[in-house]
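The values are calculated or read from the model by the stated rules, or taken from the named source; none is laboratory data. Predicted model, so just to flag it, every value in this text is computed and none were measured. Cβ placement follows ideal geometry from the backbone for every residue including glycine, while neighbour counts extend to all protein chains displayed. Keep in mind that these areas ignore ligands, DNA and RNA; they rest on the heavy atoms of the full protein, side chains included. Shrake-Rupley method; radii C 1.70, N 1.55, O 1.52, S 1.80 Å.
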Amino acid sequence: MLHTSRILRHSRLPARCLHQQLARISSQTPTRATAAAASSLNDTSSGESPLLDIDYGSAMSFNTRSTYFPDEPRAPNMRTSFPGPNSKAAIEDLDTVFDTRSLNMIADYSKSAGNYIADLDGNVMLDVYAQIASIPVGYNNPNLAKAARSEEMVSAIINRPALGNFPQHDWANILRSGILRVAPRGLDQVFTGTHGSDANELAYKAAFMWKRSQERGGPSVDFTEEEAASAMNNQSPGSPEMSILSFKYGFHGRLFGSLSTTRSKPIHKLDIPAFNWPQAPFPQLKYPLHNHVEENAKEEQRCLKELEQIIVEFPNPVAAAVIEPIQSEGGDNHASPSFFQGVREITRKHNVLLIVDEVQTGVGATGKFWAHDHWELSDPPDMVTFSKKAQAAGYYFGNNALRPNKAYRQFNTWMGDPSKALLFRAIIDVIQSKDLVKNTEKTGDYLFGGLTALQERFPREIMNLRGENRGTFIAWDSPRRDEFLRLMKGVGINVGGSGAAAVRMRPMLVFQFHHADIFLEACERLFTESALR
């Protein structure tokens, strides 16, 4: 049982986490575990996730009822090996009409709730991957269900407007009361899109148009006949040789422009023509950070020096640089606030726009609503892109010069989706009313403390643990990452990976201490099983 004796046994937890655990035990009545024990380790030659005998009662000796989802399951419950027979049949059927080779699991969302995702075999997993960081406030959140049933939502869905030509009468109010209510500091306008890749592509277009407008002499200067004619042939000067700078290991989407800035994995880019755009190095920090302060500082300075050199020397002038606060798909790579402050200084010095890609890091996951708030910039980014947890998508900006000088230059049929903007507004209401960003900050500290203790006991299982003071945006490297992910499913935990070897945690904002206990208990058991082999 994970009560006082067990916590004292793991007293290498940071003091704040140890005190939090003891305080919780002393103030709450223990509840009985409800998860059924799974069968013993099965043969894994078939590629199925085996069931391990984990009694989650030891992770639930205190409060197991979610503050935000009182009726969610108390613990994972695995009734079959994974995937089970019903799931296998459904996957086979789906594969006849839809490519299933990237399939993680086939879910039954009608039976999913809060932090738990269910499948067709009655298996219920604690989900700390959350649709690749896209579910903000839990499955089947009643507040979102209420918003979905509202008359304005129904109208937005069945009368979806072409927003550039026929916006609905209350579009300005929808934006102000939702998307713009949480706008990053200094950015008071928004251009809405449909998904993360789209948001970045739109931001790139805005940057190019801004840059050429400057070179031309301002927005009032009209295009020349030569520019108009050459643009139709994809040639200069109408189609100028400019570029967007990105960073090694970054990920910004899979459309043509965004894919040219994606540098995470070859499989994303193979066979696709790409623009001749530059990439700058992103710091490769050593962990733990406090043991490598001088080395990491030198590494960041090296990267900043190369960044400036590339901006100055690259043959296709750089209109904008795009960067993630934490490189997510590329392996959960971090850098210090001082590095990002340096990036902002260099881009401003050379009249290059700074686009911060908050598609995965935004909306509370790092313990602040926007991850770049951790940087404490005196000069805000020029644009911030968003999607995923927002459900809506687009880019924030504040400079009127980023509006094109003529209509239809930044345009498409939908230009966003009012139904998604309404959903984001409801999500914001939940986040603010429940103080979920603060919850994520506290739970992240607690979870990181528990993982630190496990890292000390199992250094070959948890390497380069990172994400301290970044909410639940936590990752580590594993020499057997893919096997670990598969085994975790067998014990009822859905967790994901990134880069070549990283285990990445992307729980929802309603993830709490007792969920962290369940996750840590599962990790400990799997690591112990491995050590005994």
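Compute the distance from the alpha-carbon center of region 492-533 to that of region 287-320, in whole Å.
Here the two parts' Cα centres lie 32 Å apart.
Could you check the simple spin-label distance between residue 239 and residue 400, using points 7 Å along Cα→Cβ, in nm with one decimal?
For the pair residue 239/residue 400, the computed spacing is 3.3 nm.
How many angstrom separate the Cα center of region 347-378 from the Cα center of region 463-478?
For region 347-378 versus region 463-478, the Cα centre distance is 19 Å.
Taking amide H positions as placed 1.01 Å from N in the peptide plane, with prolines and chain starts having none, which residues 5 or more places from residue 285, or on another chain, fall under 5 Å of its amide H?
It is 334, by chain and number.
Just to confirm my numbers, what's the Cα centroid distance between region 181-204 and region 123-164 in Å?
If you average the Cα positions of each part, the centres end up 19 Å apart.
Going 7 Å from the Cα of residue 314 toward and past its Cβ, which residues in region 275-289 have a backbone nitrogen under 16 Å from where you end up?
275-283
Rounded if a/c is under 1.5, else prolate if a/b is larger than b/c, else oblate: which is region 63-182, with a ≥ b ≥ c the root eigenvalues of its Cα gyration tensor?
Judged from the Cα gyration tensor, region 63-182 comes out oblate (a/c at least 1.5, b/c at or above a/b).
Cβ neighbours within 10 Å, averaged per peptide: list 142-151, 433-442 in order, most packed at the top.
Taking the mean over residues of other Cβ atoms within 10 Å, the ranking is 433-442, 142-151.
Rounding to the nearest 10 and keeping the result within 0 to 90°, find how far the Cα-based axis of helix 337-349 lies from the longest principal axis of the chain.
It is inclined by approximately 10 degrees.
Obtain the nm distance between the two label points defined at residue 378 and residue 301 by a simple spin-label model: each point lies 7 Å from its Cα along the Cα-to-C-beta direction.
Roughly 2.0 nm, to one decimal.
Would you pull out the residues with amide H under 5 Å of residue 250's amide H, same chain only if 5 or more places away, H placed 1.01 Å from N?
263
Which order do 389, 406, 305 take by accessible area at a 1.4 Å probe, largest first?
Accessible-area ranking of 389, 406, 305, largest first: 305, 406, 389.
In Å, what is the Rg of the alpha-carbon atoms in region 265-307, and how long is Dmax?
15.0, 43
Can you work out the Karplus-derived ³J(HN,Hα) for every residue in region 194-207? Use 6.51 cos²θ - 1.76 cosθ + 1.60 with θ = phi - 60°, whole Hz, and x for glycine or proline.
Listing the rounded values in order: 10, 7, x, 4, 4, 4, 5, 4, 5, 5, 4, 4, 4, 5 Hz.
Please arrange 132, 310 by accessible surface area, largest first, computed with a 1.4 Å probe and ligands excluded.
132, 310
Accessible area per residue, 1.4 Å probe, Å², for the chain: what's the number?
Here the residues of the chain average 44 Å² of exposed surface.
On a 1.4 Å probe surface of the protein chains, which of 272, 428, 158 comes out largest in accessible area, and what is the full order?
Sorted descending by solvent-accessible area, the residues read 158, 272, 428.
Along the Cα-to-Cβ line of residue 289, 7 Å from the Cα, sits a label point; which residues in region 447-462 have backbone N less than 16 Å from it?
Backbone N within reach: 447-449, 452.
What angle, in degrees between 0 and 90 and rounded to the nearest 10, separates the Cα long axis of helix 418-433 from the longest principal axis of the Cα atoms of the chain?
So the inclination is approximately 50 degrees.
Give a residue-ordered list of calculated ³J(HN,Hα) values for region 521-529 (Karplus: 6.51 cos²θ - 1.76 cosθ + 1.60, θ = phi - 60°; whole Hz; x for Gly, Pro).
Rounded to whole hertz, the list is 4, 5, 4, 4, 5, 5, 5, 5, 4.
For residue 463, which sequence-distant residues (separation of 5 or more, or a different chain) have an amide H within less than 5 Å of its own amide H, given hydrogens modelled in the peptide plane?
477
Rounded to the nearest 5, what % of the DSSP beta bridges within the chain are antiparallel ones?
Rounded to the nearest five, the antiparallel share is 65 percent.
Could you grab the relative contact order for region 153-279? Cα pairs under 8 Å, six or more apart, rounded to a whole percent.
Here the relative contact order equals 17 percent.
Volume per residue, Å³, of the convex hull around the alpha-carbon atoms of region 153-268?
Dividing the Cα hull volume of region 153-268 by its residue count gives 192 Å³.
On a straight-distance basis, which lysines could pair with residue 269 in a cross-link, Cα separation under 30 angstrom, same-chain partners fewer than 8 positions away excluded?
205, 211, 248, 286, 305, 388, 389, 420, 489
What relative contact order, as a whole-number percentage, does the chain give when Cα pairs under 8 Å and 6 or more residues apart are counted?
Computed value for the chain: 20 percent relative contact order.
What angle do you read, to the nearest 10 degrees and between 0 and 90, between the alpha-carbon axis of helix 481-490 and the longest principal axis of the chain?
That helix lies at roughly 50 degrees to the long axis.
Return the FRET efficiency for the residue pair residue 230, residue 149: r is the Cβ-Cβ distance, R0 is 41 Å, and the value is rounded to the nearest 0.05.
For residue 230 and residue 149, the calculated efficiency is 0.20.
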